[in-house]
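Written below as C-alpha cells is the structure these notes are about.
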Number of protein chains: 2
Amino acid sequence: MFEFTIHDRDPKSQARTGSFQTPHGIIETPCFMPCGTKGTVKSFMPHELKEMGCQIMLSNTYHLMLRPSSELVAKMGGLHKWIQWDRPILTDSGGFQVFSLGHMSKIKDEGVTFNSHINGSKYLLTPERAIKIQEELGADIIMAFDECAPADADERYTRGAMERTHQWFSRCIESKTRSDQALFPIIQGGTFPELRKASAAFLTSFDTPGIALGGVAVGEGKEEMWRAVETVMPFLPDGKPHYLMGVGDPADVVKAVMYGMDMFDCVLPTRLARHATFWDETGRRISMTRAAFIDDPAPLIASCTCACCKNFSRSYLRHLMIEREILGARLLSIHNLHFLLELMRQIRQAIKEDRLHTIYERFHSQSH
Amino acid sequence: MFEFTIHDRDPKSQARTGSFQTPHGIIETPCFMPCGTKGTVKSFMPHELKEMGCQIMLSNTYHLMLRPSSELVAKMGGLHKWIQWDRPILTDSGGFQVFSLGHMSKIKDEGVTFNSHINGSKYLLTPERAIKIQEELGADIIMAFDECAPADADERYTRGAMERTHQWFSRCIESKTRSDQALFPIIQGGTFPELRKASAAFLTSFDTPGIALGGVAVGEGKEEMWRAVETVMPFLPDGKPHYLMGVGDPADVVKAVMYGMDMFDCVLPTRLARHATFWDETGRRISMTRAAFIDDPAPLIASCTCACCKNFSRSYLRHLMIEREILGARLLSIHNLHFLLELMRQIRQAIKEDRLHTIYERFHSQSH
C-alpha cells in the first residue's frame, strides 16, 4: 500500500510519470485533484467526475469539522460512502484554513484556538485533533497539521511557524492510529530559502509515503513561489510523490511538473467558472461576459471534447452567465475541470514520449 | 400536424390519454411541461431532461425578449438550436409576466407598455409583437397574448380584461405567419363563472389546435380555481388538448386530469428544490433542513428511482442544502421533476388500465 512507482522520465527536466497505490485505487501522476471543500466538487455529481477521468478529489478538515462534524461523517460510514465517491480522497489538515478563514486565531504550541467563520463558536485544533478528524473522515491521504505563516511575515515569525510545524508533525505521527491512510508532511519556511531548506531537510528525514510543499500560492508572488520550489526540490526523495499545494493554474502546473512535482490541487476550475471565466487553449482566463460573445456560435474551444464545448455556443453560455443560471456555472465548471484533467493526461503522455517541451511551449510561448 | 388523438378514457371521470403531434415530435398526454423560463430548466442539461422522460419544455417570451432578445435567438438559429433541445417547446406569450413582473404597466387596447424589471427600460407588448417574438423564438406551441386580471379584481375590471383578451386573440390569429406553430388561446374571466363561460364560448368558436385555461393558480384560492375548471370544462372541445396553465402541485394535477385536463406547466419542481423542499410519496412538501435528517441514511423516497434517491442519503442532501451547494439544488430538482414526470407516466398507465382512482386516493387520502 502507498507504493509509488516511477514509469517514465523527461530527459530535459525533472518531470516523471508514476503511479501511487491507495486503498481506493491507483493514482496516475502527475495528477490534478479537484477540491470538494465541503464534500462536493461544486456542481458535480461523483459519477460525472469519474467520467471526466478524475482520479482523486480533495476535501477539507476545517469545513467539515464545523459542519456537519467529522463525528457525523464517521457515523454515516465515512466520507467515501457519505458523498458516494469510491475513488481516492485526500483531506487537508485544516491548518491552512484556520489561518485564512478562522477568526481571532490564537497559536500556541499546543495548537490553535479559533472562532468559526460561520457562527463564531470557539474551536481548538491540535495536531492530535487534526489527525483524529481525518481518521474519522477516512481519506486515503491525510495531511499533517501545519502552521502556514502569512506571505509577508518576517524571518523570525516564519521560523517560529516552521519549527512549530515540525514539532506538530512528530505529534501527528504519534497520534496516528490507522494504517490505511498515508500521512504527508508539509514543508513550510515562507519566502526564506534557508528556512525552506531546513524544513525540507527535517521533514524528509521521516520515511513518509509522500511529501508536500505548502505555504506557496498564498500571495507571495510568482517569483517567490518558483524560488521556494527550486529550493526544496533537491531535498525531496525521488521515490516519493511530491505534492505542490494550492497550485492549479495550467501554465504553473506544467512548469511545476518540470521541477518534478507530481500532485496538484486548486479551487480554480470551479471558482473561475462560477465567476464566468473559462480557460482558452493556452490557459488564459477569458471572461464569458465579453460583448463579442453575444452572437458567437462557436464553442469555448473548437477542439475541446468536453460536454460543454461539444454542445453549447459561447452565445448561449454568455446568456446563462448573465442570467446567473445554475447551468452556466455547471457548464463552465465542466469545461475548466476537463481542461485541467485533460492537460494532466497530455502531460503524462508527453513525458512518456519525451516531448514535454511541446506542452510547455503551448502555455509559455506568450506572457500570461 | 398538431393532430390530437385520444387513446383511452377513464370510465369514472373525464380523464383521457392522448397524443399530440408537433414538428419536434409527439407528446403523450396527460403531460407535465417543466419551465425553462430563460431557455434553461434550472440546473438541467437538455439531455438529462430527455433521459428523465421529459417530452416538452416551456420557455418565456417576457424573459427572453428582455434578455437576450428574440432577434438574437432567431439569429442563432432559433430556440431549439440555441439551447440544444430537439423536442417540442411551448412559449408563453408574455401576457402573464407583463402584469406580474413588469413595472408601471399601462394597458390600452393597442397593447401593454411596461418597464423592464431588470433595468427599467420601456417596452411595448402587443398581440402582434407577442406573435412576432414567438415566431422568432420558434416554439412548437405558442400562446395568445392575454390580459390576466388580478385574482381580487372586481367583475367590471375582469370583464374588461376578458374582452380585451378576446379582441387580442383575433389580432394574434391575423398576425400569425408561420404554419408550423400551434396557437392556443387562453380562457380568462377570473373568479366569475358567467365570464368564464363567456370566455370559453368565445374562444372555442375558433378552430384552434388546443386551448388553455389561464388566470388560475394566481392567488385566487383552491376552491375558486376548481370552480373555474368546473365551469369551463363543458365548453372545451373534446378532441383538442386542454392546457391548465401554472398548475404543478401533484395532488392538483391528478384532480385536474380527472376534470379532463391534458397539459400542465409549473416552476414548482425546481423552485421548491432551490428552497430545499422535496415531495414525499403522497406529494407533501418536506423541508430538507429538518433536524431529523442530520443522520438519516435513507433516500428521500425509498421506492424512488431518480438519480438522487438511488445514490444519496437525506443526511448528505441536508448537508448540501445547509451549505447552499449547487449539487443540493441539482439533486432535489432531479427528485422533484422526476416525481412529477413519473406521476404523469403513472397517470397515463392508470387511465389505460381503468384505475385512475388508485392514484387519486394516494394523493387525496389525507388533507394537504
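A short reminder: the numbers here are calculations on the coordinates, not readings from a lab. None of these values were measured; they are calculated from a predicted model. No Cβ is skipped: glycine too gets one built from the backbone with ideal geometry, and neighbour counts run over all protein chains shown.
The residues packed around B:Phe20, meaning those with a beta-carbon under 10 Å from its beta-carbon, carry a net charge of -3 if Lys and Arg are +1 and Asp and Glu are -1.
Across peptide B:63-75, the mean count of Cβ atoms from other chains lying within 10 Å of each residue's own Cβ comes to 2. Dipole of the protein assembly as shown computed with +1 at Lys/Arg Cβ and -1 at Asp/Glu Cβ about the Cα centre; of A:Met52, A:Thr22, A:Ile334, farthest Cα towards the positive end is A:Ile334. Hydrophobic long helices, here whole DSSP H runs in chain B with Kyte-Doolittle means of at least 0.0 and Cα atoms spread over 20 Å or more along the helix axis, are found at B:326-352. In region A:252-368, the alpha-carbon atoms span a convex hull of 101 Å³ per residue. If contacts are Cα pairs under 8 angstrom and at least 6 residues apart, what is the relative contact order of chain A in percent? Computed value for chain A: 16 percent relative contact order.
Taking the Cα centre of chain A as reference, the dipole from Cβ charges on Lys and Arg (+1) and Asp and Glu (-1) amounts to some 700 debye. Distance from the A-onto-B rotation axis is smallest for the Cβ of the chain A residue given, in whole Å, as A:Ile326, 3.
If you take every DSSP beta bridge whose two residues both sit in chain A, what share of them, in percent to the nearest 5, is antiparallel? In chain A, approximately 50 percent of DSSP beta bridges are antiparallel ones.
Each eigenvalue of the Cα gyration tensor of chain A, multiplied by 5 and square-rooted, gives one semi-axis; in descending order these are 32, 24, 20 Å. Stokes-Einstein, applied to the Kirkwood radius of the protein assembly as shown over Cα pairs at a viscosity of 0.692 mPa s and 37 °C, places its translational diffusion at 115 µm² s⁻¹. Projection of the Cα convex hull of region B:140-276, averaged over all directions and equal to a quarter of that hull's surface, yields 8.7 nm².
Output the antiparallel fraction of DSSP beta bridges having both residues in the protein assembly as shown, as a percent to the nearest 5. Beta bridges within the protein assembly as shown, antiparallel portion: roughly 50 percent.
Position B:Glu3: other-copy label points at 6.9 nm, ordered by increasing distance, label point 7 Å along Cα→C-beta.
The other copies place their A:Ile173 label points at 8.9 nm from this one, listed shortest first, where each point is 7 Å from Cα along Cα→Cβ. Looking at region A:182-253, which chymotrypsin sites (Phe, Trp or Tyr not before Pro) are DSSP coil and have at most 15 other C-beta atoms within 10 Å of their C-beta? Loop-located and lightly packed - A:Phe206. Relative to the Cα centre, the charge distribution of region B:267-368, modelled as +1 at Lys and Arg Cβ and -1 at Asp and Glu Cβ, gives a dipole magnitude of about 260 debye.
Sorted from shortest to longest, the distances between the B:Glu342 label points of this copy and the other copies are 3.5 nm, with each point 7 Å from Cα along the line through the beta carbon. Considering the dipole of region B:109-192 built from charges on the beta carbon (Lys and Arg +1, Asp and Glu -1) around the Cα centre, which of B:Asn119, B:Ile131, B:Gln167 is farthest to its positive end? My answer, from the dipole projection, is B:Asn119. The alpha-carbon atoms of region A:14-73, seen along their principal axes, cover 39, 22, 22 angstrom, with the largest extent given first.
Considering only beta bridges that DSSP places wholly inside region B:1-102, some 65 percent are antiparallel. Report the residue, chosen from B:Ser93, B:Ser59, B:Ser13, that carries the largest GNM mean-square fluctuation when chain B is represented by alpha-carbon nodes joined by springs under 10 Å. Result for chain B, Cα springs under 10 Å: B:Ser13 fluctuates most.
Among the trypsin sites (Lys or Arg not before Pro) in region A:262-305, those placed in a DSSP loop whose Cβ has at most 16 other Cβ atoms within 10 Å are A:Arg284, A:Arg290. Sorting A:Arg330, A:Arg156, B:Arg9, B:Arg16 by the number of Cβ atoms found within 10 Å of their own Cβ, with the fewest placed first, yields A:Arg156, B:Arg9, B:Arg16, A:Arg330. Net charge dipole, the protein assembly as shown: roughly 420 debye, given to the nearest 20, about the Cα centre with Cβ charges of +1 for Lys and Arg and -1 for Asp and Glu.
Each Lys or Arg adds one and each Asp or Glu subtracts one; over the other residues with Cβ under 13 Å from the Cβ of A:Asp265, this totals -3. Averaging the Cα positions of each part gives two centres, and for region B:176-218 and region A:217-284 these lie 62 Å apart. Annotated for region A:54-163: lysine pairs at least 8 residues apart or interchain, Cα distance under 21 Å, count 7. Across peptide B:319-328, the average count of Cβ atoms from other chains found within 10 Å of a residue's Cβ is 6.
Semi-axes of the equivalent ellipsoid for region A:186-237, computed as √(5λ) from the eigenvalues of its C-alpha gyration tensor and ordered from largest down, come to 19, 10, 9 Å. Only one residue of B:Met65, B:Ile141, B:Cys266 has its Cα farthest out toward the positive end of the dipole of chain B, where Lys and Arg carry +1 and Asp and Glu -1 on Cβ, and that residue is B:Met65.
When the helices of chain B are scored as -39500 (n - 2.57) per DSSP H run of n ≥ 4 and the total is divided over every residue, the value at 222 nm lands at -11500 deg cm²/dmol. Taking every residue in A:303-312 and counting other chain Cβ atoms within 10 Å of its Cβ, the average works out to 1.
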